[in-house]
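Undergrad: Below are the structure tokens for one structure; questions will follow.
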Amino acid sequence: MDKEASKGECHLLDLPWEDVLVPRVLSLVPLQTLVQLQRVSKQFHSLIQLYLANCRNFQLSTLGPSVPREAFCSMLKDNKVLQSLSLHSCSDWLTDSELLPVVGQNQQLQRVDLRACTCLTRRSLVALSLTCTHLSHLGLAHCEWVDSLSLRSLADHCPGLRSVDLTACRQLKDEAICYLAKKCVRLRCVSLAVNANVTNEAVEALAKSCRELESLDLTGCLRVNDHSIRTLTEYCPRLLSLKVNHCHNVSEQSLEPLRSRGVQMDVEPPLQRALVLLQDVLGVRPLHQPADMNRAGNTAFSSTASAAPLGHRLDTVLTFPLK
């Protein structure tokens, strides 16, 4: 009886590897679990290696610094079909030596996230642009090694680029960004945040060359002013999101036409900011709260208002600075 039962048993590894386990099972398992499964047996190790050799989406950012560089090299040594690679925050150990072999054998890469990979050099970006000409999304935030030469290489060889994050790439100046804009006219999402070198020239080049632009982050670009915002309004009808926080030379006068088109922004209109501050002073709930909350808010306001003398409340309102 036991022999018959054992004959009817089906173990996980008995299932077809390439047709079932790799595409339908392992693709749903977190990378960290896959790494652990390799240690179970030689068969599991072979199965995981087969999966890693055929996976198209590899996100090491879920493990980050906890993965030794040797393990990273081993995991992707046989993969030649990658389309998406995320190495976000692997800054403790990722260098050109580890990245270049992976890039060299994966020419179909379309999405690459290298945010905060601070130990790389321009060689990685040049190799990426020369090898992966179908690149459409690239994250380089806080990669201060990105310079004009490497960005020009990207612009020359990846004309289909749709999204690029250049946050805090402080070596870049207007000239390189203008070159990128003229070469990559299909750009839709761009971040130039936290770069004091960026001026109106770079923003206007993006506006005039990239008419499909939908999202632009200029946070902390201190030299950008109303003139370039008006150019964005004129040339970018598809713009959906604009971030200009800490851009002290950008005023509401240039932002208002974009607000009227429904463009999302990270700064409130002056009147709205004043109302929020006024509500904080008087202890009033926000004006846009649901109707059932309004009744509670009115009660709370009544009790708060009655707790203070009328003269004090009026003085607070009348002397409140509206900037």
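Undergrad: Name every residue in segment 31-56 that is open to solvent by 40 Å² or more (accessible area, probe 1.4 Å), more than 24 Å from Q108 (Cβ to Cβ) and in contact (Cβ under 8 Å) with a residue 24 or more places away in the chain, in order of residue number.
TA: Q32, Q43
Undergrad: Inside segment 220-230, can you point out the residues that are touching a strand residue (DSSP E or B) at 6+ places or on another chain (Cβ under 8 Å) and open to solvent by 30 Å² or more (accessible area, probe 1.4 Å)?
TA: Passing the criteria: only R223.
Undergrad: Could I ask something else about it? Hey, among the residues in segment 267-282 that are open to solvent by less than 60 Å² (accessible area, probe 1.4 Å) and either of a type in the set (D, E, K, R) or within 22 Å of T233 (Cα to Cα) (or both), which one's modelled with the lowest pLDDT?
TA: Step by step, filter segment 267-282, then rank; the result is P270.
Undergrad: I've got another one for you. So, restricting to strands (runs of 3 or more DSSP E) that lie completely within segment 89-174, which ones have at least 1 residues that are over 18 Å from A202 (Cα atoms) and open to solvent by less than 50 Å² (accessible area, probe 1.4 Å)?
TA: 111-113, 137-139
Undergrad: Okay, moving on. Restricting the search to segment 198-224, which residues are assigned to a loop (DSSP other than H, G, I, E, B) and more than 18 Å from D266 (Cα to Cα)?
TA: V198, C210, R211, E212
The values are calculated or read from the model by the stated rules, or taken from the named source; none is laboratory data. The shown structure was predicted, so the numbers you read here are calculated from the model rather than taken from an experiment. Here Cβ is always computed from backbone atoms with ideal geometry, including for glycine, and neighbour counts include all displayed protein chains. Ligands, DNA and RNA are stripped out before the accessible areas are found, and what is left, the full protein with its side chains, is counted by its heavy atoms. Shrake-Rupley method; radii C 1.70, N 1.55, O 1.52, S 1.80 Å.
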